Amino acid sequence: FEESYYSPEEKAVEYKENLNWLFTLKKYIRNTAEGYENSIIPFPTLLTMNVENANASIDVFYAQSWGLVHFLLNSSDNAYNRVLWDSIKILSPENDRKNNEVAIIKDAFEWVGKNEFSTDFVTYIDRIKTFPDLVEDGMDYYSENDLSMAERTFINALSLRDNHPVPYYYLGLIYYAERDYMMAEYYYQTAIQMGGEEGITYYALGVNAYADNRFEEAVDSLVSSFKDDPDFYGEKSVALMVQMDKEQPGFVPTYLETLGVSQAEIEAALSAF
């Protein structure tokens, strides 16, 4: 429950799965597969480590312990679920740590095949997606024009980390492609609030508003894009404003003046196109 929090609006605890350990554990699993020294701890050792040894390998111990509980709790194989419940049942307050460990290994883990257990554990962990995994997958789906899977993947990414701008930006692109301009605007604005790159995002907001025939809002966003990134998105922003001026002659220069852009700047920008 480390990532869970109380929501005053909902007046309830919002559960958020804690996967902070996952990236580290995947790193150690890769090291194990490639034969590096910094590898995962053998399970017989993990189950019997004392505090001193655990602290000496705290990064992998912490990550692998979390991963083990996650695996036993959520595996689709009921035999592994049973290991967890049997372990909890076996624990006795009358036994010291050592005797509890011996009892758990003997009565809960002993009947599980060690090689099969390790293989199934690694396979299970490999299938869990980290935030970077989900973002990369979402970008791949988007580039393949599989917008439904892209949307689902970016939403899953936000369930792990809801303060990163990239999923919001791509969700904006997805809704723009589906011509849901208000939802696209919501996600673009959220991307900016989360610290996203303003030049590209304001440009996207401008394109979105233009497509929705909201020219004033389009110019507002394009001017912001121009100011943030004049060398690249500034040129693209001006090009779109030129197109808008062709559709509504005189509108863009007049509106730019109300935004405090000088006539000289307007003429210089428009003359470039």
Would you confirm, using the coordinates I've provided, whether Asp162 is in contact (Cβ under 8 Å) with a residue 60 or more places away in the chain and of a type outside the set (Phe, Trp, Tyr)? no
Can you confirm whether Ile128 is of a type in the set (A, V, I, L, M, F, W, C) and more than 20 Å from Ser159 (Cα to Cα)? no
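Conditions (1) loosely packed, with under 13 Cβ neighbours inside 10 Å; (2) under 30 Å from Tyr169 (Cβ atoms), marked per residue:
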site	(1), (2)
Leu84	no, no
Glu110	yes, no
Asn115	yes, no
Val122	no, no
Glu136	no, yes
In the range 142-151, which residue that is within 15 Å of Tyr169 (Cα to Cα) and in contact with a Phe, Trp or Tyr (Cβ under 9 Å, 6 or more places away or on another chain) is surrounded by the most Cβ atoms within 10 Å (Cβ to Cβ)? Ala150
Would you please list the contacts, defined by Cβ atoms under 6 Å and residues six or more apart or on different chains, that run from a residue in the range 185-199 that is among the small types (Gly, Ala, Ser) to a residue that is modelled with pLDDT under 95? Gly199/Ser225; Gly199/Asp228; Gly199/Asp229; Gly199/Tyr233
The range 182-236, residues that are surrounded by fewer than 17 Cβ atoms within 10 Å (Cβ to Cβ) and β-branched (Val, Ile, Thr): none
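Okay, residues lined up against (1) among the hydroxyl-bearing types (Ser, Thr, Tyr); (2) at pLDDT 75 or above; (3) under 19 Å from Gln189 (Cα atoms):
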site	(1), (2), (3)
Arg214	no, yes, yes
Ala218	no, yes, yes
Ser224	yes, yes, yes
Asp229	no, yes, yes
Val242	no, yes, no
Pro249	no, yes, no
Tyr255	yes, no, no
Leu270	no, no, no
If we take the range 1-73, then helices (runs of 4 or more DSSP H) inside it with 2 or more residues that are over 23 Å from Leu84 (Cα atoms) are 22-33, 51-56
Tell me yes or no: at least one residue of the range 61-70 is over 30 Å from Asp162 (Cβ atoms) and aliphatic (A, V, I, L, M). no
Among the candidates Ser87, Ser76, residue that is in a loop (DSSP other than H, G, I, E, B), among the small types (Gly, Ala, Ser) and out of contact with any His (no Cβ under 9 Å at 6 or more places or on another chain): Ser76
For Asp86, are the conditions met, namely being farther than 20 Å from Thr130 by Cα and in contact with a helix residue (DSSP H, G or I) (Cβ under 8 Å, 6 or more places away or on another chain)? yes
Counting only residues that are more than 14 Å from the chain's Cα centre (by Cα) and polar (S, T, N, Q), give me the helices (runs of 4 or more DSSP H) lying completely in the range 144-237 with at least 3 of them. 181-193, 215-228
Could you check the range 86-108 and list, in sequence order, the residues that are surrounded by 15 or more Cβ atoms within 10 Å (Cβ to Cβ) and among the hydroxyl-bearing types (Ser, Thr, Tyr)? Ser87
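The values are calculated or read from the model by the stated rules, or taken from the named source; none is laboratory data. As the structure is a computational prediction, the values presented were derived from the model and not from experiment. Here the Cβ is made from the backbone with ideal geometry for all residues, glycine too, and neighbour counts use every protein chain on show.
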